[in-house]
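The values are calculated or read from the model by the stated rules, or taken from the named source; none is laboratory data. Keep in mind that this is a model prediction, so the values were computed, not measured. Cβ atoms come from the backbone with ideal geometry, glycine included; neighbour counts cover every protein chain shown. Just the protein is used for accessible areas: all its heavy atoms, side chains included, with ligands, DNA and RNA removed. Shrake-Rupley method; radii C 1.70, N 1.55, O 1.52, S 1.80 Å.
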Amino acid sequence: MAEIHTTARRSALMKRVRRERTTAEDAVCKMLWSIGARYRRNVRSLPGTPDVANKARRKAVFVHGCFWHHHEDCPRGRVPHRNSAFWREKLRRNSERDQRKIVSLRVAGYDVFVVWECELEKPDILQKRIAEFWFATDRSVCSQS
């Protein structure tokens with residue numbers, strides 16, 4: 001059975017969750033580097049501060065954790081049973097913010113690719129998709145989100 005924490009203890013645990021340089025982000029960066037892609041991480045000068053970006057190629061990548069970004073088709077993206085109203089609202093706002101970031105980057109002329117944490121379970125497939133996105137010149141290939 002899952003351990004039940006007090007509000008203060010749960011809050012302290014949640015504050016330890018990383019926002020940048022996560023394990024998933026590191027794995028995606030290793031894939032990009034291995035295919036010869038060059039990039040910057042957490043580019044604050046771009047709308048939405050993408051996790052990975054190359055201004056010259058006009059490419060941006062977001063690495064989304066399935067829980068925090070509410071990956072609906074994934075078991076990791078489930079809403080917790082405790083305090084579910086709070087979590088539904090929190091995850092809804094996160095999803096809306098994600099969409100605003102993607103739109104603002106596209107308006108700025110960037111191709112945007114979203115990697116879900118669960119996709120890292122099949123690294124060969126993901127690496128192929130990332131390479132197709134990164135080196136694509138046809139913008140229709142870049143419409144991943």
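Anything in the stretch 81-93 that is acidic (Asp, Glu) and either surrounded by 16 or more Cβ atoms within 10 Å (Cβ to Cβ) or touching a residue at least 12 places away in the same chain (Cβ under 8 Å) (or both)? List them, or say none.
Within the stretch 81-93, the subset acidic (Asp, Glu) is 89.
None - no residue of the stretch 81-93 is acidic (Asp, Glu) and either surrounded by 16 or more Cβ atoms within 10 Å (Cβ to Cβ) or touching a residue at least 12 places away in the same chain (Cβ under 8 Å) (or both), so the list stays empty.
So the check is Cβ under 6 Å with 6+ separation or different chains; which pairs have a first residue in the stretch 107-118 that's under 25 Å from residue 72 (Cα atoms) and a second one that's assigned to a loop (DSSP other than H, G, I, E, B) and modelled with pLDDT under 95?
113/144; 114/145; 116/66; 116/71; 117/65; 117/66; 118/66; 118/74
Determine which member of the set 40, 78 is open to solvent by 40 Å² or more (accessible area, probe 1.4 Å) and more than 17 Å from residue 110 (Cα to Cα).
78
Just one of 119, 132, 96 is surrounded by 14 or more Cβ atoms within 10 Å (Cβ to Cβ) and within 16 Å of the chain's Cα centre (by Cα); which is it? Before you say what the answer is, go through the steps one by one.
Working: 132 fails: within 16 Å of the chain's Cα centre (by Cα); 96 fails: surrounded by 14 or more Cβ atoms within 10 Å (Cβ to Cβ).
Exactly one of 119, 132, 96 is surrounded by 14 or more Cβ atoms within 10 Å (Cβ to Cβ) and within 16 Å of the chain's Cα centre (by Cα), namely 119.
Could you check, for the stretch 14-29, whether at least one of its residues is under 24 Å from residue 126 (Cα atoms), of a type in the set (Gly, Ala, Ser), modelled with pLDDT of 90 or more and in contact with a Leu (Cβ under 7 Å, 6 or more places away or on another chain)? Spell out the reasoning first.
Let us first name the residues in the stretch 14-29 that are under 24 Å from residue 126 (Cα atoms), namely 18-29.
Filter again for of a type in the set (Gly, Ala, Ser), leaving 24, 27.
Okay, now just the ones that are also modelled with pLDDT of 90 or more, so 24, 27.
Narrowing the set further to residues that are in contact with a Leu (Cβ under 7 Å, 6 or more places away or on another chain) leaves 24, 27.
So far as the stretch 14-29 goes, yes, one or more of its residues are under 24 Å from residue 126 (Cα atoms), of a type in the set (Gly, Ala, Ser), modelled with pLDDT of 90 or more and in contact with a Leu (Cβ under 7 Å, 6 or more places away or on another chain).
Within the stretch 45-62, can one find any residue that is of a type in the set (A, V, I, L, M, F, W, C), part of a loop (DSSP other than H, G, I, E, B), open to solvent by less than 40 Å² (accessible area, probe 1.4 Å) and modelled with pLDDT under 95? Give the derivation first.
Let us first name the residues in the stretch 45-62 that are of a type in the set (A, V, I, L, M, F, W, C), namely 46, 52-53, 56, 60-62.
Among the residues that remain, those that are also part of a loop (DSSP other than H, G, I, E, B) are: 46, 56.
So of that shortlist, the ones also open to solvent by less than 40 Å² (accessible area, probe 1.4 Å) come out as 46.
Narrowing further to those that are modelled with pLDDT under 95: none.
Among the residues of the stretch 45-62, not one is of a type in the set (A, V, I, L, M, F, W, C), part of a loop (DSSP other than H, G, I, E, B), open to solvent by less than 40 Å² (accessible area, probe 1.4 Å) and modelled with pLDDT under 95, which makes the answer no.
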